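Visitor: The following block contains the structure, expressed as structure tokens.
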Amino acid sequence: MEEANVALSTKQRDSIRRRLRTHQNGKCCYCGQVMRTGKLGSPYAETIEHLQRRADGGSDGIHNLALACRSCNEGRGTMNWLVYATYKAGELSI
Ligand SMILES: [Zn+2]
């Protein structure tokens, strides 16, 4: 089923965060660092990451979302998420 690309409510975001946090054991999907919640200023603050960027037409559906630390989220730029994940794992030098 297609998921509508609409903005998520705070309640939906909280629910998604909880599900993803459990699924990822609270670790960043890129660097594996345990993320901080409620500390937005920390480089390891938990952020919701769109795997396919919204700018590229990515949806807010849970299959397109993961939790990443702020540092990784901001460091990714326009890179494809899989390329970035491989890079962060140290398997690429770019
Ligand atoms: Zn990270």
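Visitor: Checking ILE94 against (1) modelled with pLDDT of 95 or more; (2) in a loop (DSSP other than H, G, I, E, B); (3) of a type in the set (A, V, I, L, M): exactly one of these is not met. Which one?
Guide: Unmet for ILE94, out of (1) modelled with pLDDT of 95 or more; (2) in a loop (DSSP other than H, G, I, E, B); (3) of a type in the set (A, V, I, L, M): (1).
Visitor: Ok, one more. Can you find a residue in the range 63-81 that is surrounded by fewer than 15 Cβ atoms within 10 Å (Cβ to Cβ) and assigned to a helix (DSSP H, G or I)?
Guide: Yes, the range 63-81 contains a residue that is surrounded by fewer than 15 Cβ atoms within 10 Å (Cβ to Cβ) and assigned to a helix (DSSP H, G or I).
Visitor: Output yes when any residue across the range 44-51 is of a type in the set (Asp, Glu), at negative phi and more than 16 Å from the ligand (Cβ to nearest atom), and no when none is. Reasoning before the result, please.
Guide: First, pick out the residues of the range 44-51 that are of a type in the set (Asp, Glu): 46, 49.
Now drop any that are not at negative phi, which leaves 46, 49.
Retained after the next criterion (residues that are more than 16 Å from the ligand (Cβ to nearest atom)): none.
No, the range 44-51 contains no residue that is of a type in the set (Asp, Glu), at negative phi and more than 16 Å from the ligand (Cβ to nearest atom).
Visitor: I need the full set of residues from the range 48-62 which are of a type outside the set (Asp, Glu) and either in a loop (DSSP other than H, G, I, E, B) or surrounded by fewer than 18 Cβ atoms within 10 Å (Cβ to Cβ) (or both), in order please. Give the derivation first.
Guide: Start the filter on the range 48-62 by keeping residues that are of a type outside the set (Asp, Glu), which leaves 48, 50-55, 57-59, 61-62.
Passing the criteria: ILE48, LEU51, GLN52, ARG53, ARG54, ALA55, GLY57, GLY58, SER59, GLY61, ILE62.
Visitor: Scan the range 11-29 for residues that are within 12 Å of GLU46 (Cα to Cα) and either buried (at least 17 other Cβ atoms within 10 Å of the Cβ) or within 11 Å of the chain's Cα centre (by Cα) (or both) and jot them down.
Guide: Result: ARG17, LEU20, ARG21, GLN24, LYS27, CYS28, CYS29.
Visitor: Another one. Read through the list (1) within 16 Å of the ligand (Cβ to nearest atom); (2) at positive phi; (3) among the small types (Gly, Ala, Ser), then give the number of the only condition that GLY38 fails.
Guide: (1)
Visitor: Here's something else I'd like to know. So in the range 66-94, with the set limited to residues that are touching a strand residue (DSSP E or B) at 6+ places or on another chain (Cβ under 6 Å) and in contact (Cβ under 8 Å) with a residue 40 or more places away in the chain, which one is farthest from GLN33 (Cα to Cα)?
Guide: Of the range 66-94, the ones touching a strand residue (DSSP E or B) at 6+ places or on another chain (Cβ under 6 Å) are 66-68, 70, 73.
Checking the rest, the ones that are also in contact (Cβ under 8 Å) with a residue 40 or more places away in the chain come to 66-68.
Numbers: ALA66: 14, LEU67: 11, ALA68: 9 Å.
Across the range 66-94, the extreme among qualifying residues is ALA66.
Visitor: Name the pairs: first residue in the range 21-35 and assigned to a loop (DSSP other than H, G, I, E, B), second residue open to solvent by 60 Å² or more (accessible area, probe 1.4 Å), Cβ to Cβ under 7 Å, at least 6 apart or on different chains?
Guide: GLY26/VAL34; TYR30/LYS88; CYS31/LYS88; GLN33/LYS27; GLN33/TYR44; MET35/LYS27; MET35/TYR44
The values are calculated or read from the model by the stated rules, or taken from the named source; none is laboratory data. Not measured: the values here are computed from a predicted model. Methodologically, a virtual Cβ is constructed for each residue, glycine included, from the backbone with ideal geometry; neighbour enumeration extends over all protein chains shown. Ligands, DNA and RNA are excluded from the accessible area calculation, which covers all protein heavy atoms including side chains. Shrake-Rupley method; radii C 1.70, N 1.55, O 1.52, S 1.80 Å.
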